[in-house]
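The values are calculated or read from the model by the stated rules, or taken from the named source; none is laboratory data. Predicted, not measured: the structure shown is a model, and the values here were computed from it. Virtual Cβ from ideal backbone geometry, glycine too; neighbours counted across all protein chains shown.
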Number of protein chains: 2
Amino acid sequence: MINEAGQAARANHLPGSAADQVSQERLWRRHMEMAALGAIPGNGVCRQAFTEEDIAARQLLIGWARARGFTSAQDAIGNLFIRRPGRDPAAAPVVTGSHLDSQPSGGRFDGAYGVLAGLEALEALEDAGAVTERPIEVVAWTNEEGGRFAPGAMGSMVFTGSRALTDCLAITDGEGVRLEDALAATLEATPVDETRAFNFPIAAYIEAHIEQGPRLEAEGVPIGVVTGIQGSRWFEVEVLGESAHAGAAPLKTRRDALQGALAAVQALNQVMADDNDIVRFTVGRFVVTPNSPNTVAERVLFTVDLRHPEAEVLWRLAEAVGPTCEAAVGRCDVRVRKTFSREPCLFDLDVQRAISESARELALPAIQMPSGAFHDAQFLNDVCPSGMIFVPCEKGISHNPAENASPEDLAAGARVLAQTLIRLVDGIKA
Amino acid sequence: MINEAGQAARANHLPGSAADQVSQERLWRRHMEMAALGAIPGNGVCRQAFTEEDIAARQLLIGWARARGFTSAQDAIGNLFIRRPGRDPAAAPVVTGSHLDSQPSGGRFDGAYGVLAGLEALEALEDAGAVTERPIEVVAWTNEEGGRFAPGAMGSMVFTGSRALTDCLAITDGEGVRLEDALAATLEATPVDETRAFNFPIAAYIEAHIEQGPRLEAEGVPIGVVTGIQGSRWFEVEVLGESAHAGAAPLKTRRDALQGALAAVQALNQVMADDNDIVRFTVGRFVVTPNSPNTVAERVLFTVDLRHPEAEVLWRLAEAVGPTCEAAVGRCDVRVRKTFSREPCLFDLDVQRAISESARELALPAIQMPSGAFHDAQFLNDVCPSGMIFVPCEKGISHNPAENASPEDLAAGARVLAQTLIRLVDGIKA
């Protein structure tokens, strides 16, 4: 995708000049201003989609953009675009960004970093006086986390056509609020310069994000060039036994759903065992009925979250979930239901190369690595060349108020992002 | 305790004559009338302590008593006594009964049977024209189940001095209702002939109950002579790990509280293994935080309910719970807290003998057996000679709407109860 003309065009900007204008101080300050919206104890953030806090975050971003002369636009699901124009107003933009919403008990950097690093890159281009052929836009995708209105990645899915807007409008939150109403209130409270259609042409998409894993920090490397996103299979496993009196029922006669579920998880642990530690296998939800200390459990519902970057391995492990549970639950019954499935995503090699070369030019060590978490980029990858830049986060902790990252690492990532945008913006054929 | 004079006194009643007056039809009909109060789908009952349904059940019992000329009395925790007088009004009564409250999703016979069998025995004595030296009373103990206001066996504990009334009054239910207020409303709605002090002298206590286990049905025996009640140790085990992103965190770096808890339960399974199937070991409650499909669990709280009829075995197994969990949880931390402790109870041998001989006289096969469940009788056993009669229940199912028992078995138990009351009522020294 990146052609020789692009290489030549890039030479028009002094390489690194925009990256040099990235301000670590400005970027960190904006993170702290953003983190104040929905702040919760322990340095955390609760800023779920379409809440007052989400609206305030959108308004803050629009305000920063206006102050620098950038225009704003929104589409019908509330994806918010900030535009720095290029020489050719008709050219498809290069887009960068992430999301501003958070988990209910989330951190300050997941999502917000990608948006603020994108804005910082636009500011740096402006400060460097760079002129690009194509426009560059920063996007804040709507409802990436999905904690209030499930599923997540809603904005990027609707934008790219993976999901219809009309299928989302009737979704309700835990208090019965319809997404349609919450969305309308959000759009009304965040007037922008322009309305956008879904799936307008995008030349390339690049998303900066904290790693949400421990590897970059452990290896002392500031930049991760993301090769792709693991595929996923989610299951709900329901183990059915029979309730009985804890004091009276002999253990040999019991159909104890908790013991059955426990045996199933143990058997799955064996199947998922991986010396290379690539398989991601998690039982995160485990709900017991009636959940009374002196009653043998009659029902357990547990979830399986299975991920792997290789499609064939993922398929083989997923196929084993049902039979493994059935063989393990003894006198109980079991039902296994697949609830989510997503094939592995491989990011565009040219975008990966642009990131690697940008890091090299800036003398920042970088490694190639897969992403464990979902990101909006995996849906954009269906419609345009896409990629991601990871920066270290403390101890790999994420989806937690304790989520943390250093100002230096965040700025280094923003410099690589700015440099990569310059490489992409004139290096991609219309 | 039972003396020769008692043997002689008993001869004054034609043996079996009161038992012969037990009406299977009347007893079953009263069970069905009682089961209508708080009826839930699947033939179940929800009649928790101090609810409208509990009040209605008390009123129904008082009404039946009045209709037959029996007097009623209540103490300050709401234990309800129905009295059939003896020749000596000053003599300590022989008391029989159980409780009228149920589990939130309970059955028609747990508790209610002991009260209704007691009333049936009084009616049978009346029909037989029996004259006893001592009074006989039927009791409905308050809040045996403890599902609404914990702990259970509250009425019998307060009556016998195991727990102070003042410690109970401030207990609240799940909706914040104070026990003190619910109790006052109950007492006001159920006017009785007399107010009783706690722990008035009782000559002997006998409680009829469904087995809540499968043994009598499986062995085809209608009567269980209960030798005692297992001792209990309850624990709360808290496993502490660290939340992490299910897609990102490598399994080898995780401190997964769910996997830690699961390993602890597996290790406890090994410790509790018992070829004779006497040990009762139950993990009935298992609560995961944050309980999200794509987040590694940071905390699991699970309960251990351990019971055994032998004090030494119970002690040894209970001592092993903490160290076993600590050794099993790997990279997680664990805290083990003992929440309840009760030594094994051994019922009075004379009362056991009176039940056995009554069954033999009535040509009803009987076996000696321990009780797996708690009963009010274990607290009464602290203050007077006590015992229990078990009758079969279908498949051993209890604490469940499916709880069932046959009219024939219930009547057989009531006949043994009536016969035993006659044996006890004049056979015990004042």
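Exactly one condition in (1) at pLDDT 95 or above; (2) within 17 Å of the chain's Cα centre (by Cα); (3) not hydroxyl-bearing (Ser, Thr, Tyr) is false for A:PRO370; which is it?
With respect to (1) at pLDDT 95 or above; (2) within 17 Å of the chain's Cα centre (by Cα); (3) not hydroxyl-bearing (Ser, Thr, Tyr), A:PRO370 is out only on (1).
Condition check: in a loop (DSSP other than H, G, I, E, B) and surrounded by fewer than 22 Cβ atoms within 10 Å (Cβ to Cβ). Does A:ALA150 satisfy that? Don't jump to the end; show me each part of the working.
Working: in a loop (DSSP other than H, G, I, E, B): yes; surrounded by fewer than 22 Cβ atoms within 10 Å (Cβ to Cβ): yes.
Taking the combined requirement at face value, the residue satisfies it.
Considering only the stretch A:318-374, state which residues are surrounded by 20 or more Cβ atoms within 10 Å (Cβ to Cβ), more than 21 Å from A:VAL283 (Cβ to Cβ) and of a type in the set (Val, Ile, Thr).
Once the filter is applied, which keeps residues that are surrounded by 20 or more Cβ atoms within 10 Å (Cβ to Cβ), more than 21 Å from A:VAL283 (Cβ to Cβ) and of a type in the set (Val, Ile, Thr), the stretch A:318-374 yields A:VAL351, A:ILE355.
Which residues, taken from the stretch B:410-430, are of a type outside the set (A, V, I, L, M, F, W, C) and surrounded by 24 or more Cβ atoms within 10 Å (Cβ to Cβ)?
If the condition is that a residue be of a type outside the set (A, V, I, L, M, F, W, C) and surrounded by 24 or more Cβ atoms within 10 Å (Cβ to Cβ), then B:GLY413, B:ARG415, B:GLN419, B:THR420, B:ARG423, B:ASP426, B:GLY427 are the ones that fit.
Could you tell me whether the stretch A:380-388 includes any residue that is away from chain B (no Cβ under 14 Å) and part of a helix (DSSP H, G or I)? Full working, then the answer.
Residues of the stretch A:380-388 away from chain B (no Cβ under 14 Å): A:380-387.
Applying the additional criterion that residues be part of a helix (DSSP H, G or I) yields A:380.
Checking the stretch A:380-388: at least one residue is away from chain B (no Cβ under 14 Å) and part of a helix (DSSP H, G or I).
Can you tell me which condition A:SER243 does not meet? The list is (1) surrounded by fewer than 24 Cβ atoms within 10 Å (Cβ to Cβ); (2) of a type in the set (Ser, Thr, Tyr); (3) at the interface with chain B (Cβ under 9 Å from one of its Cβ atoms), and all the others hold.
Among (1) surrounded by fewer than 24 Cβ atoms within 10 Å (Cβ to Cβ); (2) of a type in the set (Ser, Thr, Tyr); (3) at the interface with chain B (Cβ under 9 Å from one of its Cβ atoms), A:SER243 violates only (1).
Across the stretch A:356-377, which residue is farthest from the other protein chains (Cβ to nearest Cβ) among those that are over 18 Å from A:GLY213 (Cα atoms) and part of a helix (DSSP H, G or I)? Before the answer, list the steps.
Applying the first criterion (over 18 Å from A:GLY213 (Cα atoms)) to the stretch A:356-377 yields A:356-364.
Subset that is part of a helix (DSSP H, G or I): A:356-361.
Numbers: A:SER356: 21, A:GLU357: 26, A:SER358: 24, A:ALA359: 21, A:ARG360: 26, A:GLU361: 28 Å.
That would be A:GLU361.
Give the residue that is farthest from B:GLY247 (Cα to Cα), with candidates limited to residues of the stretch B:265-299 that are over 30 Å from the mean Cα position of the chain (by Cα) and more than 8 Å from chain A (Cβ to nearest Cβ).
Going through the qualifying residues, I end up with B:ALA267.
Can you name the residue in the stretch B:390-424 that is β-branched (Val, Ile, Thr) and at pLDDT below 95 and, of all such residues, is nearest to A:VAL296 (Cα to Cα)? Let's see the steps before the verdict.
In the first step, residues of the stretch B:390-424 are kept if they are β-branched (Val, Ile, Thr); the result is B:391, B:397, B:416, B:420, B:422.
Adding the requirement that they be at pLDDT below 95 leaves B:397, B:422.
Numbers: B:ILE397: 11, B:ILE422: 39 Å.
Checked the stretch B:390-424; the qualifying residue nearest to A:VAL296 (Cα to Cα) is B:ILE397.
Need the failing condition index for B:GLU194 against (1) touching an Asp or Glu at 6+ places or on another chain (Cβ under 7 Å); (2) in contact (Cβ under 8 Å) with a residue 24 or more places away in the chain, just the number.
With (1) touching an Asp or Glu at 6+ places or on another chain (Cβ under 7 Å); (2) in contact (Cβ under 8 Å) with a residue 24 or more places away in the chain applied to B:GLU194, the lone miss is (1).
Which residue, of B:ALA246, B:ALA261, B:ALA267, is over 22 Å from A:THR289 (Cα atoms), touching a residue at least 60 places away in the same chain (Cβ under 8 Å) and hydrophobic (A, V, I, L, M, F, W, C)?
Values: B:ALA246 fails: touching a residue at least 60 places away in the same chain (Cβ under 8 Å); B:ALA261 fails: over 22 Å from A:THR289 (Cα atoms).
Just a single option satisfies the conditions, and that option is B:ALA267.
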